[in-house]
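Engineer: Here it is: the structure, laid out below.
The values are calculated or read from the model by the stated rules, or taken from the named source; none is laboratory data. The structure presented is a predicted model; accordingly, all values stated were derived computationally and were not measured. Cβ atoms come from the backbone with ideal geometry, glycine included; neighbour counts cover every protein chain shown. Accessible surface areas use protein heavy atoms only, side chains included; no ligands, DNA or RNA. Shrake-Rupley method; radii C 1.70, N 1.55, O 1.52, S 1.80 Å.
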Amino acid sequence: MIEILDLKKVFENKKKGTVSYKEALKGISFMCKPGEIFGLLGPNGAGKTTTLRCISTLIKPTSGTITVNGFDSLKDDRKVRSVIGFLTSDMKLDGFFTPDYMMDYFGRLNKMSPEDIAERKEVLIKELHMEEFRNKKIDKLSTGMKQKTSIAISLIHNPDVIIFDEPTNGLDVVTAKNVTDFLKKYAREGKTVLISTHIMGVAEQICDKIGILIEGLIKELGSLDEIVKRNKTNNLEDVFFKYLEVQDV
Amino acid sequence: MFSDAYIIMKKELKRLFTDRRTVFFMVVLPLVMLPVMYTVMGKISQSRSADIRSYHGTVFIAPEMQKQSPIYEEFISIINSQMNVTINEIPEAYIPTAKELIKEKEAQLLITFPENIDFAFDAIQPFDIHVFYNGASDYSSYFYRRTYDAVNSLADTLIYLRLESLNIPTEILTPVTANRTISPELVNLAKKGSEVGKVFGVLLPFIIILYLFVSSMQVGIDTVSGEKERGTLAILLVNQVDRASIILGKLLAVVCASFASAISSVVGLMIAGRYFLKDLFRSSAEMSDFILGADQILQLAILLIPVAILLVSLVLICATYARNSKEAAGLVMPLYMVVLILSIGTSSMGETVPTWMHYTPIINTVVGLKSVFIKSSSWGNVIIAAVTSLIFSGLLIFFMIRMFKNEKILFRI
Ligand SMILES: Nc1ncnc2c1ncn2[C@@H]1O[C@H](COP(=O)(O)OP(=O)(O)O)[C@@H](O)[C@H]1O
Ligand SMILES: [Mg+2]
């Protein structure tokens with residue numbers, strides 16, 4: 001369960017003595033419930049990554065509150081991180097080690113017992129089809145294999161909340177399908193899944209709830225059907241472009 | 001916090017010590033580089049001086065008419081007994097040609113005598129022998145030095161002759177001498193090994209500091225800025241480990257690695273010492289004399305571990321601030337220069353140092369290391385050095401953790 005209330009984030013940029021401010025998030029509120037996939041849909045620069053980073057405590061909100069499973073992101077940042085599995089495509093793995101070793105390593109950092117780690121590892125390796133390359137150096141793996149390894153590592157502690165920034169970015173169709181199936185399965189098991197994407201197809205196909213984020217503001221919030229009906233259009237694309245056009249004028 | 005730091009440290013060490021390149025540069029190279037370097041240098045200088053000594057040279061002496069002079073005969077016999085040369089007596093007219101030959105390195109020496117040296121000697125008129133040589137030729141320079149010595153011993157012989165002819169005892173020349181009647185071993189009262197320690201006291205502290213710094217630079221920059229740059233740090237940050245553990249784990253791993261490197265450089269130097277002590281420093285001390293006691297080894301450890309932590313913290317604080325390895329290297333470089341100059345300067349100082357030096361980090365470690373090697377260390381100063389290093393490291397680590405928690409620094413774009 002993720003609850004976000006009036007989240008604002010202002011970045012301060014110091015360049016050559018002058019300070020400029022970028023208001024990346026202008027006060028957004030939404031809620032992701034267990035058993036649902038929530039999709040944050042928006043063009044590049046809308047503030048999707050910033051939102052997800054705030055939730056995962058990588059950066060601090062300028063104002064507003066974020067609670068994850070009842071833990072406040074500022075006061076209980078460590079607890080928040082312990083219930084979250086966070087993934088982004090620009091988060092790389094140390095190529096020197098094997099997927100197997102990295103899963104052990106992060107399992108131990110997550111305070112799991114060796115037995116739990118071993119058990120969980122087998123489950124993830126099977127689910128993500130990692131049998132063949134679990135003992136190969138990560139450097140030697142393909143992009144898809146690396147992505148699977150990242151997923152396995154982020155989910156080693158079996159978190160209740162999964163946050164995934166652009167889950168299908170840069171993946172081939174097969175791996176992308178593999179990943180989205182995986183996310184659906186987790187939601188069905190009762191976990192809270194929050195993803196960001198700039199691809200409408202992804203939002204349409206896998207998200208139970210969608211928030212359209214443009215220029216740091218949520219313009220639409222609801223299920224696919226609700227959003228389409230409310231805007232009296234046929235599909236998400238029309239809604240999306242409606243907001244982009246308004247902005248252009 | 002410490003258990004997480006331990007897990008992180010173990011992983012970092014595994015990464016460092018299973019990477020063949022790192023192991024080679026950090027451990028193997030310092031271990032073999034100095035011995036190999038000094039062995040090669042020693043061999044070259046040995047064979048070179050052997051070559052010079054065995055070289056058969058050509059010496060011209062002018063003018064040729066001195067045949068009947070006893071002084072001249074004496075000089076020639078001294079030359080022949082001390083130098084491996086062929087003596088060519090030449091007429092005055094031939095002098096320019098002889099000089100030309102020396103210039104072209106075809107011959108080595110030209111010695112010219114004034115007229116009537118025996119007459120001058122009898123008349124108590126000092127006379128001057130001219131010795132021409134070629135300073136650009138090692139052989140010629142060598143014969144020149146030997147000829148100088150030969151002239152001095154000729155002078156001694158002549159003085160004795162003169163005194164004898166006047167019936168004056170030759171003892172009149174040396175009313176006082178030093179250590180003629182006692183063997184050299186009995187005169188030198190230095191503690192066993194402290195002389196070798198003196199040579200090492202200048203070299204080792206700065207070599208140790210240097211290796212500690214260079215190796216923490218090599219691995220420290222990569223484990224922090226490198227990971228930041230490659231994007232591999234983020235995955236650690238989104239896990240539940242806190243940032244202090246990450247910093248601590250990485251710091252300890254780099255300390256271990258730089259320590260390993262410093263130790264192997266010291267061992268390398270010890271091995272090299274067998275060669276370079278004699279050849280390069282012309283010291284009579286034996287390497288085998290240089291054995292540290294348990295006390296001194298303990299003092300070394302107490303000095304070195306805190307300073308290693310301090311140097312690694314210095315490197316890591318730059319690495320944390322920098323966006324990438326290149327920027328980090330740029331930030332560390334000036335610090336490296338400062339540390340290098342401080343430690344070279346301090347290690348070449350005399351035995352007594354001003355009090356403030358005992359309280360200044362890095363400088364006090366160099367002073368302390370030196371005092372251990374020359375076997376005159378005091379526990380008080382060793383502990384002061386260790387404590388100041390630890391206080392400064394603590395401050396640096398505190399700021400580093402603050403920086404690690406600061407998103408403006410961690411996500412600088
Ligand atoms: N660390 C930062 N410092 C300054 N500006 C930033 C920083 N991170 C993001 N921004 C700015 O915030 C805005 C939103 O970025 P982001 O959340 O990455 O967008 P998205 O993920 O939707 O493409 C962009 O204009 C970006 O330039
Ligand atoms: Mg993004």
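Engineer: Could you list, in sequence order, the residues of the range A:31-69 that are at positive phi, more than 7 Å from ligand 1 (Cβ to nearest atom) and open to solvent by 40 Å² or more (accessible area, probe 1.4 Å)?
Structural biologist: A:Asn69
Engineer: Would you please name the residue that is nearest to A:Ile2 (Cα to Cα), looking only at residues in the range A:188-198 that are away from ligand 2 (no atom under 16 Å from the Cβ) and outside any loop (DSSP other than H, G, I, E, B)?
Structural biologist: Filtering the range A:188-198 for residues away from ligand 2 (no atom under 16 Å from the Cβ) gives A:188-193.
After this cut, where a residue has to be outside any loop (DSSP other than H, G, I, E, B) as well, the list is A:188, A:192-193.
On the way: A:Arg188: 17, A:Thr192: 8, A:Val193: 9 Å.
Across the range A:188-198, the extreme among qualifying residues is A:Thr192.
Engineer: Would you say A:Lys75 is basic (Lys, Arg) and more than 7 Å from chain B (Cβ to nearest Cβ)?
Structural biologist: Details: basic (Lys, Arg): yes; more than 7 Å from chain B (Cβ to nearest Cβ): yes.
Judged against the criteria, A:Lys75 is a match.
Engineer: For the range A:201-213, which residues satisfy the criterion of being part of a helix (DSSP H, G or I) and away from ligand 2 (no atom under 16 Å from the Cβ)? Walk me through it before giving the result.
Structural biologist: Step one: filter the range A:201-213 for residues part of a helix (DSSP H, G or I), giving A:201-206.
Hits for the range A:201-213 are A:Gly201, A:Glu204, A:Gln205, A:Ile206.
Engineer: Kindly indicate whether any position in the range A:174-192 is in contact (Cβ under 8 Å) with a residue 12 or more places away in the chain, within 15 Å of ligand 1 (Cβ to nearest atom) and away from chain B (no Cβ under 14 Å).
Structural biologist: Scanning the range A:174-192, I find no residue that is in contact (Cβ under 8 Å) with a residue 12 or more places away in the chain, within 15 Å of ligand 1 (Cβ to nearest atom) and away from chain B (no Cβ under 14 Å), so the answer is no.
Engineer: What number of residues within the range A:51-86 are within 16 Å of ligand 2 (Cβ to nearest atom) and of a type in the set (Gly, Ala, Ser)?
Structural biologist: Residues flagged as within 16 Å of ligand 2 (Cβ to nearest atom) and of a type in the set (Gly, Ala, Ser) within the range A:51-86 amount to 1.
Engineer: Exactly one of these conditions fails for B:Pro96: (1) farther than 17 Å from B:Tyr148 by Cβ; (2) touching a strand residue (DSSP E or B) at 6+ places or on another chain (Cβ under 9 Å). Give me its number.
Structural biologist: B:Pro96 satisfies every listed condition except (2).
Engineer: Could I ask something else about it? If we scan the range B:117-127, do we find a residue that is aromatic (Phe, Trp, Tyr) and under 14 Å from B:Val151 (Cα atoms)? Reasoning before the result, please.
Structural biologist: Of the residues in the range B:117-127, the ones aromatic (Phe, Trp, Tyr) are B:119, B:121, B:127.
Next cut, under 14 Å from B:Val151 (Cα atoms) only: B:127.
Among the residues of the range B:117-127, at least one is aromatic (Phe, Trp, Tyr) and under 14 Å from B:Val151 (Cα atoms), which makes the answer yes.
Engineer: Identify all residues within the range A:156-187 that are surrounded by 18 or more Cβ atoms within 10 Å (Cβ to Cβ), more than 21 Å from A:Met1 (Cβ to Cβ) and within 16 Å of ligand 2 (Cβ to nearest atom); write none if there are none.
Structural biologist: The answer is A:Glu166, A:Thr168, A:Leu171.
Engineer: Within the range B:191-212, is there a residue that is open to solvent by 40 Å² or more (accessible area, probe 1.4 Å), β-branched (Val, Ile, Thr) and at pLDDT below 85?
Structural biologist: Checking the range B:191-212: at least one residue is open to solvent by 40 Å² or more (accessible area, probe 1.4 Å), β-branched (Val, Ile, Thr) and at pLDDT below 85.
Engineer: Do the conditions hold for B:Ile362, that is, is it at positive phi and more than 14 Å from chain A (Cβ to nearest Cβ)?
Structural biologist: On the way: at positive phi: yes; more than 14 Å from chain A (Cβ to nearest Cβ): yes.
Yes: the conditions hold for B:Ile362.
Engineer: Is it the case, given these coordinates, that B:Val187 is within 30 Å of B:Ile297 (Cβ to Cβ) and open to solvent by less than 90 Å² (accessible area, probe 1.4 Å)? Can you show your working first?
Structural biologist: Details: within 30 Å of B:Ile297 (Cβ to Cβ): no; open to solvent by less than 90 Å² (accessible area, probe 1.4 Å): yes.
Answer is no for this residue.
Engineer: Now for a different question. Right, B:Phe121: in contact with a His (Cβ under 9 Å, 6 or more places away or on another chain) and in contact (Cβ under 8 Å) with a residue 40 or more places away in the chain or not?
Structural biologist: Values: in contact with a His (Cβ under 9 Å, 6 or more places away or on another chain): no; in contact (Cβ under 8 Å) with a residue 40 or more places away in the chain: yes.
So B:Phe121 fails the test.
Engineer: Tell me whether the range B:273-287 contains one or more residues that are at pLDDT 90 or above and open to solvent by 80 Å² or more (accessible area, probe 1.4 Å).
Structural biologist: Looking only at the range B:273-287, we keep the residues that are at pLDDT 90 or above, and these are none.
Scanning the range B:273-287, I find no residue that is at pLDDT 90 or above and open to solvent by 80 Å² or more (accessible area, probe 1.4 Å), so the answer is no.
Engineer: To continue, here is another question. Within the range A:9-21, can one find any residue that is farther than 19 Å from B:Glu407 by Cα, β-branched (Val, Ile, Thr) and part of a strand (DSSP E or B)?
Structural biologist: So the first thing to find is which residues in the range A:9-21 are farther than 19 Å from B:Glu407 by Cα, and the list is A:16-18.
This time we only want the ones that are β-branched (Val, Ile, Thr), so: A:18.
Filter once more, so that each one left must be part of a strand (DSSP E or B): A:18.
Within the range A:9-21, one or more residues are farther than 19 Å from B:Glu407 by Cα, β-branched (Val, Ile, Thr) and part of a strand (DSSP E or B).
Engineer: May I ask you to verify whether A:Glu3 is within 14 Å of ligand 1 (Cβ to nearest atom), open to solvent by 60 Å² or more (accessible area, probe 1.4 Å) and touching a strand residue (DSSP E or B) at 6+ places or on another chain (Cβ under 7 Å)? Break it down into steps so the answer makes sense when it comes.
Structural biologist: Numbers: within 14 Å of ligand 1 (Cβ to nearest atom): no; open to solvent by 60 Å² or more (accessible area, probe 1.4 Å): yes; touching a strand residue (DSSP E or B) at 6+ places or on another chain (Cβ under 7 Å): yes.
Taking the combined requirement at face value, the residue does not satisfy it.
Engineer: Could I ask something else about it? For the range B:341-378, how many residues are hydrophobic (A, V, I, L, M, F, W, C) and more than 25 Å from B:Leu292 (Cβ to Cβ)? Spell out how you get there, then give the answer.
Structural biologist: Keep residues of the range B:341-378 that are hydrophobic (A, V, I, L, M, F, W, C), which gives B:341-342, B:344, B:349, B:353, B:356-357, B:362-363, B:366-367, B:369, B:372-374.
Filter once more, so that each one left must be more than 25 Å from B:Leu292 (Cβ to Cβ): B:341, B:356.
Residues meeting the conditions: 2.
Engineer: If you don't mind, there's one more thing I want to ask. Here are B:Ile384, B:Ile341: which of them is among the aliphatic types (A, V, I, L, M) and farther than 18 Å from B:Leu204 by Cα? Please lay out each step first, then the result.
Structural biologist: Details: B:Ile341 fails: farther than 18 Å from B:Leu204 by Cα.
After ruling out the rest, the residue left standing is B:Ile384.
Engineer: Return only the number of the condition from (1) within 30 Å of B:Asp51 (Cβ to Cβ); (2) open to solvent by less than 60 Å² (accessible area, probe 1.4 Å); (3) at pLDDT below 90 that B:Phe113 does not satisfy.
Structural biologist: Evaluating B:Phe113 over (1) within 30 Å of B:Asp51 (Cβ to Cβ); (2) open to solvent by less than 60 Å² (accessible area, probe 1.4 Å); (3) at pLDDT below 90 leaves (1) as the failure.
Engineer: For the range A:85-99, which residues satisfy the criterion of being more than 7 Å from chain B (Cβ to nearest Cβ) and either surrounded by 20 or more Cβ atoms within 10 Å (Cβ to Cβ) or within 23 Å of the chain's Cα centre (by Cα) (or both)?
Structural biologist: Filtering the range A:85-99 down to residues more than 7 Å from chain B (Cβ to nearest Cβ) leaves A:85, A:87-89, A:95, A:97-99.
Matches in the range A:85-99: A:Gly85, A:Leu87, A:Thr88, A:Ser89, A:Gly95, A:Phe97, A:Pro99.
Engineer: Looking only at the range A:12-30, filter to residues that are within 10 Å of ligand 1 (Cβ to nearest atom) and in contact (Cβ under 8 Å) with a residue 24 or more places away in the chain; which one of those is farthest from the other protein chains (Cβ to nearest Cβ)?
Structural biologist: A:Glu23
Engineer: Of all the helices (runs of 4 or more DSSP H) wholly in the range B:27-107, which have at least 3 residues that are loosely packed, with under 15 Cβ neighbours inside 10 Å and of a type in the set (S, T, N, Q)? Even if it seems obvious, please write down each step before you answer.
Structural biologist: Values: elements: B:29-54, B:70-82, B:95-103.
Filter on the range B:27-107 gives B:29-54, B:70-82.
Engineer: Determine which single condition A:Tyr243 fails, assuming it passes every other condition in (1) away from every other protein chain (no Cβ under 14 Å); (2) within 16 Å of ligand 1 (Cβ to nearest atom); (3) under 18 Å from A:Phe30 (Cα atoms).
Structural biologist: For A:Tyr243, the exception is condition (3).
Engineer: For A:Pro34, all conditions in the list (1) within 18 Å of the chain's Cα centre (by Cα); (2) closer than 23 Å to A:Met112 by Cβ; (3) within 14 Å of another protein chain (Cβ to nearest Cβ) hold save one; what is the number of the exception?
Structural biologist: With respect to (1) within 18 Å of the chain's Cα centre (by Cα); (2) closer than 23 Å to A:Met112 by Cβ; (3) within 14 Å of another protein chain (Cβ to nearest Cβ), A:Pro34 is out only on (3).
Engineer: Could you list, in sequence order, all residues of the range A:189-201 that are open to solvent by 20 Å² or more (accessible area, probe 1.4 Å) and either under 28 Å from A:Val239 (Cα atoms) or of a type in the set (Phe, Trp, Tyr) (or both)?
Structural biologist: Correct list: A:His198, A:Ile199, A:Met200, A:Gly201.
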